[in-house]
Structures are given as structure tokens and as C-alpha cells.
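Written below as C-alpha cells is the structure these notes are about.
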């Protein structure tokens with residue numbers, strides 16, 4: 001971890017965590033690192049048994065080390081009573097995936113609420129992303145129990161760092177329950193992030209609005225990149241010039257082939273539906289979603305421009321996870337891209353340093369290579385989908401020698417086009433002029 005060292009509190013409080021998924025494990029491990037005794041509960045017995053044996057199947061930098069070094073302060077269980085006996089503060093970290101309608105599936109949250117009925121001594125701290133207004137409904141169903149909205153702002157690939165060095169901690173409480181918010185704020189005080197104290201519904205909206213805005217920036221710069229291709233501008237220079245304006249800033253102005261993961265697509269859709277269900281048509285988010293979907297498909301058009309019809313052509317995908325430093329395949333661009341390539345009749349081969357096991361079940365028709373170089377062997381073209389650092393270290397001259405056609409569509413503008421051209425490749429990125437070998 002980087003940043004200012006975190007001082008551990010002298011009087012650490014016991015903490016309960018509901019849900020041992022990605023957010024739950026990071027929350028449990030980091031609170032244990034701060035010196036707290038943590039009991040985490042999950043409904044999947046096999047997962048609980050594995051965690052108690054020290055086995056971690058989630059790829060998140062630094063997480064396995066924290067869980068190991070703090071094993072004496074961590075306990076995993078399927079027993080809700082054990083959780084209730086251990087701690088007053090219960091951090092709810094269960095999944096809220098979208099339903100077929102696009103609304104958030106709150107069934108796991110509802111199950112926790114049902115189990116808490118009749119437990120007025122406990123405070124439910126909602127880390128899970130829920131629609132604005134959910135907390136008000138839950139508080140009405142749990143009279144006497146405490147409720148705090150404390151949304152998580154963790155990024156996959158840097159979640160431990162984000163938890164230990166937050167830029168802000170949002171705490172929403174109902175009038176008259178400020179003491180519950182104080183208890184949560186005390187836990188986060190050693191971490192140094194700015195405390196945002198507000199009402200429950202506003203806290204819920206902060207999370208949805210933050211992710212929707214970041215997604216909007218990504219779709220905006222992708223649209224700018226597409227225009228740059230048409231007029232001959234370089235989007236990297238355009239983004240740099242934009243980002244130097246302190247009203248804009250440089251964050252999330254990197255074009256690519258679309259955003260994915262467990263948060264942005266879900267939260268953008270959830271906010272759009274929340275607005276629609278409340279009687280407001282959020283037109284901007286419709287465009288954000290449409291641009292993101294179209295961006296994933298533009299790669300196919302670029303391949304056709306270079307090599308013609310794709311039927312019978314072998315296309316290599318470098319990277320499958322939605323971003324580097326994670327094995328998360330949720331809403332990954334590779335899912336749409338591989339399906340479109342298959343629909344065009346292409347033979348698809350792929351390699352990812354971490355996400356191969358997770359991808360196999362989702363991409364049954366895709367050949368999984370044992371290395372990037374093996375994926376490129378005999379390929380008529382390649383697409384860099386995920387910007388894994390090891391792809392920069394690849395022997396690209398050797399790769400050009402084993403491909404049928406040394407063509408790389410750089411979906412993240414990650415590699416140096418001049419270096420690729422010197423290696424014998426035609427490089428084509430997003431919003432930039434293509435570069436060919438001399």
C-alpha cells in the first residue's frame with residue numbers, strides 16, 4: 001500500500017460483515033488490519049470453509065496478504081446468530097445485481113433485513129449499492145434498529161488501497177440517529193478521508209451519481225475519439241488539452257472500447273430506472289449506455305477495414321477481464337467482442353494473465369491460449385482488450401513473425417504505436433491515426 005501510514009485505534013470495536021464477496025472480503029480484511037475483531041458471514045458453506053482454511057479465490061492485489069496476516073482477528077461463518085452475538089455494527093456487503101427489468105435485485109438485502117427483525121440493538125451499515133429510498137423503506141420495517149448508509153467507493157484492482165486511503169467517507173443517517181453515524185465515523189477516522197455527513201437517501205444518491213458521472217466522462221471521451229478519427233485529430237492530445245483545465249481535470253478521459261465491471265453498467269442503468277420510476281426521463285444516461293455498447297462493436301469494423309470479411313479468419317484477443325489487476329468478467333468488453341467476432345464467422349483465440357478460469361464458462365467457443373505469444377500464433381489480427389502490464393513487455397518482433405498478418409487493434413491506446421510499427425505491426429488505436437511499418 002502507498003500513502004500515509006494508517007494508525008490503528010487503541011480500542012478496536014468488534015465488527016460484523018454480511019457477505020464475503022469482493023466488497024465484503026476487502027471490508028473485513030481492512031478492518032482487521034486496523035485492529036478490529038471481525039466476523040464475516042456468508043451463505044455459501046464452501047466459500048466459508050475455504051476462507052477459514054486461508055484460501056482466497058478472488059484476485060485483488062494485497063487482499064490475500066491482509067487476510068493471512070490478520071487471520072487471528074478474522075472469522076468466517078454461515079451462522080447469523082454468531083454475527084449478531086459478536087458485533088453491534090453489521091456492514092452489509094451483499095450483491096445487488098440487475099434484474100431482467102434493469103432494476104436492482106434487492107433479494108439478498110431483503111434476506112438480511114428479515115434476519116435482523118427483532119434485533120433492535122444492532123446497527124445495519126449498508127455498503128451495498130441500493131436505489132435511493134431503499135434505506136427509508138428498511139428503517140420503516142426495522143423500528144428501533146439503527147441504519148447507516150455508507151456506500152463503498154472501491155475500485156477493483158486497487159480496493160485495499162482505496163479502503164485504507166479514501167478520498168471521502170459518506171455517512172447517511174436518519175434524524176435522531178446521529179450516534180449511529182458517529183460510531184461508523186469513528187471506525188473510519190484513522191483513515192483520514194473527508195467525512196460527508198448527510199441523510200440516508202442523499203448518501204445513496206452519492207454512490208449512484210458518482211458512478212453515473214464517471215461513466216458519462218468515459219462515453220464522452222469515446223465519442224470525441226470517434227470524431228477525432230473522422231477529422232484526423234489525435235484524441236490523446238485532445239484529452240491532454242482538456243484535462244489541463246482545472247474545471248475538467250484529466251481523470252476518466254482515456255478512450256477505449258467501453259466500460260464494464262460490476263459497478264458502472266449496473267449503477268448507470270439503476271439510476272436511469274430510478275429516475276424513470278420516479279417520473280423523470282434521464283435522457284443523458286440513455287446516450288451514455290448506447291455509446292458504451294456501440295464502442296465495443298467498433299473494433300469489428302476496424303478489423304474488417306484491415307483484413308476484409310472475418311469468416312474463417314483467426315483473431316486473437318489479448319486480455320479478457322474488464323480491467324487489469326482483476327479476474328472480473330462482469331460486463332467485460334471481451335464478452336461482446338468475442339460474440340460479435342463469432343457471429344462474423346471468425347475463429348477466436350484469447351489469453352488473459354488472470355481471468356482465464358472465469359472466462360472459460362462465459363466464452364465456450366473461444367480457444368484459450370497458454371500465453372499471449374501462443375494466442376498470436378497464426379492470427380490474422382489481434383485486439384488488445386485489457387491493458388495488462390505484461391503486454392508491454394511482450395516480444396512484439398517475435399509476435400509479428402508468428403502471425404499471419406501482424407495487425408494490432410489497440411482497444412486501450414496502451415501500446416506505443418511507433419514501437420509496434422518498428423516491430424513490423426500495423427497499429428490501429430482509438431481516436432488516433434493508424435501507424436504502419438516502414
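The calculated pair-distance distribution of segment 399-438 uses every alpha carbon pair, bins of 5 angstrom beginning at 0, and gives 6, 29, 35, 21, 7, 1 percent. Rounded to the nearest 10 degrees, the inclination of helix 283-307 to the longest alpha-carbon principal axis of the chain is 30 degrees. In percent, rounded to a whole number, the relative contact order of the chain is 11, using alpha-carbon pairs under 8 Å and six or more apart.
Pairs of alpha-carbon atoms within less than 8 angstrom and 6+ residues apart define the contacts here; what relative contact order does segment 250-322 have, in percent? Before the final figure, lay out each step's value.
On the way: 30 pairs, mean separation 27.3, N = 73.
Over segment 250-322, the number comes to 37 percent.
Set the Cα radius of gyration of segment 334-393 against 2.2 N^0.38 Å, with N its number of residues, and you get 1.06. The angle between the Cα long axis of helix 107-116 and the longest principal axis of the Cα atoms of the chain comes to about 20 degrees, rounded to the nearest 10.
Normalised by the number of residues in segment 15-198, the mean separation of alpha-carbon contacts (under 8 Å, six or more apart) gives a relative contact order of 20 percent.
Here segment 374-426 has an Rg and Dmax of 9.9, 25 Å, counting Cα atoms alone. In terms of overall dimensions, segment 201-438 has a Cα radius of gyration and Dmax of 18.2, 59 angstrom.
Ranked by the mean number of other Cβ atoms within 10 Å per residue, highest first, peptides 237-246, 381-390 order as 381-390, 237-246.
Taking 253, 394, 63 in turn, the Gaussian network model of the chain (Cα-Cα springs below 10 Å) assigns the largest fluctuation to 394. For the residues 173, 348, 43, a GNM of the chain with alpha-carbon springs under 10 Å puts the largest fluctuation on 43.
Taking the C-alpha atoms only, the angle from helix 178-188 to the longest principal axis of the chain is near 50 degrees.
Of 102, 181, 308, which has the largest mean-square fluctuation in a 10 Å C-alpha GNM of the chain? Of the options given, 308 has the highest mean-square fluctuation. The radius of gyration of the Cα set in segment 60-213, together with its Dmax, comes out at 15.6, 43 angstrom.
Residues 391, 282, arranged from fewest to most other Cβ atoms within 10 angstrom of their Cβ, appear as 282, 391. Of all DSSP-defined beta bridges confined to segment 201-438, some 5% are antiparallel rather than parallel.
Using only the alpha carbon atoms of segment 182-229, find the Kirkwood hydrodynamic radius as the inverse mean reciprocal pair distance, in angstroms to one decimal. Mind dumping the intermediate values first?
Details: mean 1/r = 0.0740 Å⁻¹.
Answer for segment 182-229: a Kirkwood hydrodynamic radius of 13.5 Å.
Short to long, the 10 Å bins of the Cα pair-distance histogram for segment 231-300 hold 17, 35, 36, 11, 1 percent of all pairs.
Which percent, nearest 5, of DSSP beta bridges in the chain are antiparallel? Once the DSSP bridges in the chain are tallied, antiparallel ones form about 10 percent. At q = 0.10, 0.14, 0.16, 0.17 Å⁻¹, what log₁₀ I(q)/I(0) does a Debye calculation on the Cα points of segment 1-134 give, no solvent, two decimals? The computed values of log10 I(q)/I(0) come out as -0.33, -0.65, -0.83, -0.93. Looking at segment 116-205, the DSSP beta bridges with both ends there are about 20 percent antiparallel.
Helix content alone sets the calculated 222 nm mean residue ellipticity of the chain: runs of n ≥ 4 DSSP H residues at -39500 (n - 2.57) each, divided across all residues, give -12500 deg cm²/dmol.
Read-outs throughout are calculated quantities, based only on the coordinates presented, and are distinct from any laboratory measurement. Bear in mind that the values here come from a model prediction, so they are computed numbers and not experimental data. As a convention, Cβ positions derive from the backbone with ideal geometry for all residues, glycine included, and neighbour counts pool all protein chains shown.
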